[in-house]
Structure formats: C-alpha cells, structure tokens
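The values are calculated or read from the model by the stated rules, or taken from the named source; none is laboratory data. All values reported here derive from a predicted model rather than from experimental measurement. When we count neighbours, we look across all protein chains shown, and the Cβ atoms used for this are built from the backbone with ideal geometry, even at glycine.
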Amino acid sequence: MEFFNDVGADPLKPSLFELLAQEQLRDLLQPALKYVLAVFAQRYPRYLLRIVNRHEEFYALIMLMVERHYLRKHNASFAENFYGLKRRRRPYIEPERAKAAVGGTLEGESLRDLEIRRSLFFLICIPYLRSKAQDYFEELGGGVSSDVVDEGLDTRRVQAISEQSFRGRFRRAFKTIYPYFNTGIELWLLLWNVAYLFDKTASYRPWLDWIGVDIRRLGIEDFKAASLASQKTAPEIHRSLLARLRGLAWSSPRLLLDSLRLLLPTAIFFIKFLEWWYSPGSPARSLSAPPQGPTVPPPRILPPHPQGIGFDKRAYGTCPICHKSINNATALPSGYVFCYRCAYDQVEKHKKCPVTLLPAQVWQLRKVLV
C-alpha cells in the first residue's frame, strides 16, 4: 500500500498508514497512564485517588509539557517524532530542494510560536474536549443499555433529563445530537483520509491547512543537524564541578523529555503484557499458578420453599419469575439467579427471595458474568 505515496516526485511525503500509526500510538498513552495510576492508587489512595478521578486533566497537563517540548525542539509531536516524521511550515511555493530524496528542514520551515500554539490546540485541547463530551454523554445514559445499569442511577438520569428547565432541555438536546455529531466528524475524517490516500488533498487532517503546516518524513539533513546539535551540547571536559552540576540540573528535564521517545512505548508494551498476563483467560496464569489442594465442593443449594414460586431444575437459563431467557443475570444471597429487573422488583416489593423466601435487600443483588 506504500504505492499510493511513493510513486510521485516527493519521497518525503509520508503514507497514510504511517500517519494513522502515530495517531494510534498517541491514543494508547492515556489508557496506559490511567492503568498505572489506578494500580498505584490502590496502595496509596490518599495521594493518588484525586488524580485518578481527574486523570483526563492530569493527562492533558502532562502531554501539554511533552508536546510543547517536542514541537519546539524537533518540530514534531511526540508520536510523530517516534515514527520519524516532522512538521514544517508550509511554503507558498515548493522549492526544488524540498523534493529531493535527501531533503531536510530548510531555513524558514521551522515552526514558529503561532504554529506551535495552533498545533497544541489540536493535539491537546480538542482530544480533551471530545473525551469530556463522551463522558457527559455516557453520564446522561447515552450508549448504555438500561438493563446493565443500577436502577437508582437510571432513575436519577431520567429525572435529570426530564427537567423542564434550561439545563434539562440542554441535556435532552445534547443526548440527541451528540451521536449524530460525533458520527459526522468520524465520517468527515474518513473521507479526508481516503482523499489523502489518492493524493486529492495535501494533508491527512483538514486542520493542518489552518495551522499552516504539513507533515514530512525526516531526511538525511535532519539527522545530520540532530547529530551536530548533540555535539555542540556535549559537556566540556575542563569545566569546573559546580558548572557541570549546574549544567546537569538545567539539562535534566530536557533529557527526561527526550528519553520519553523510548520509555513511553516500552512502558505501553510492558503494561499491555501485564494486562494479558493477569487476564483470566491467559494461559500464563496456569503456568504460574501454585499447585492446588483438594477441591472444596460447592455448598448445597437451598431447596425451594413450599410457599415460594416454582423452580424447575431442568429449565436451565430460564428466569423462575418471568419464565423467559435470563436477561442480565443477577443472583440473590440464596444462590438463585433471575433477570435483573425481575429480581429487583421482587426484592424491592417483598424483601425476600421469591423461591426460598429468605430475607434479601436490594443492595445484596449481585450481577453474574456468564
């Protein structure tokens, strides 16, 4: 598929698949950070619980510093730099040297403050706003079946949406419009990607034209310039110890940000490996599991009460109340499984199991994963 971008006279133009790959890398960073924070918050909830609850703002702040550093130093975002790409200020007339296979960053193509601020807006602000909009849509009950949510939470959502105030009308309008708006944006970006794939547009994202930049592959001159810059910043041997310590303290944050190019992808791979290792279906769990002792038999099931509803052991997967296939299986303390709606209504009204007549409360309902 590289054919679509490598046949023309511009070998430094990246393919669509390189651009989509760097976007996927960027999308993996936030879930990885959230997973790490959630794990450590279980051990240090006093310090990290607030950060976990506001992880989107915390992630946006961290990425603002990282992306700003990479845009200023490398003329590229973090993910673009990882894949050997860069951003350049788009010239009005393409010079012949930029079309050469050995091309690099020409004078006057480096990003200015205006392009950096606009790039940060689309790299940080727009993804943050879209994630908050998605969270608000799910908070209003959008995209989630009412059978898999708590009854009390579902009631509160209905009351919030059914308000006749301006806030209630806004919530109803947002819940109705948001799916179509989000689908329209995704379809728009898909069509733009197809147009870029067939060289109908100069950029794979429409806002790059407004920013005034385009994305290119790194050329030989880019690597030469990076090598010369590293030689110029090398510490001098004859400097005093105090000057060396001062220089190390000054350059440490920059070195840390530059090292993220290798540390973050490695951390993502390691986190994904841990998720696979500790997943219930992982074959590695059986290899590392300690030898088990004698199997403890399950407790005997409580017999149905004579005055309770009938229960047929042969009707596997059928709710004893509605006599239909169990929807959203929910267990009572007695061990019998019903539909969530059926169990909730019975326990809320009679405060007991309908089969064994044992006392039960709504908070004792337990979802069963099947």
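Looking at segment 185-201, which of its residues are without any contact (Cβ under 8 Å) to a residue 40 or more places away in the chain and either of a type in the set (A, V, I, L, M, F, W, C) or surrounded by 11 or more Cβ atoms within 10 Å (Cβ to Cβ) (or both)?
Listed by number, the residues that qualify are ILE185, LEU187, TRP188, LEU189, LEU190, LEU191, TRP192, VAL194, ALA195, THR201.
Given the condition over 19 Å from LEU129 (Cα atoms), out of contact with any Asp or Glu (no Cβ under 7 Å at 6 or more places or on another chain) and not aromatic (Phe, Trp, Tyr), answer yes or no: does some residue in segment 49-57 qualify?
yes
Would you mind stating whether GLU96 is among the acidic types (Asp, Glu) and at pLDDT 90 or above? Give the derivation first.
Working: among the acidic types (Asp, Glu): yes; at pLDDT 90 or above: no.
Against the criterion (among the acidic types (Asp, Glu) and at pLDDT 90 or above), GLU96 does not qualify.
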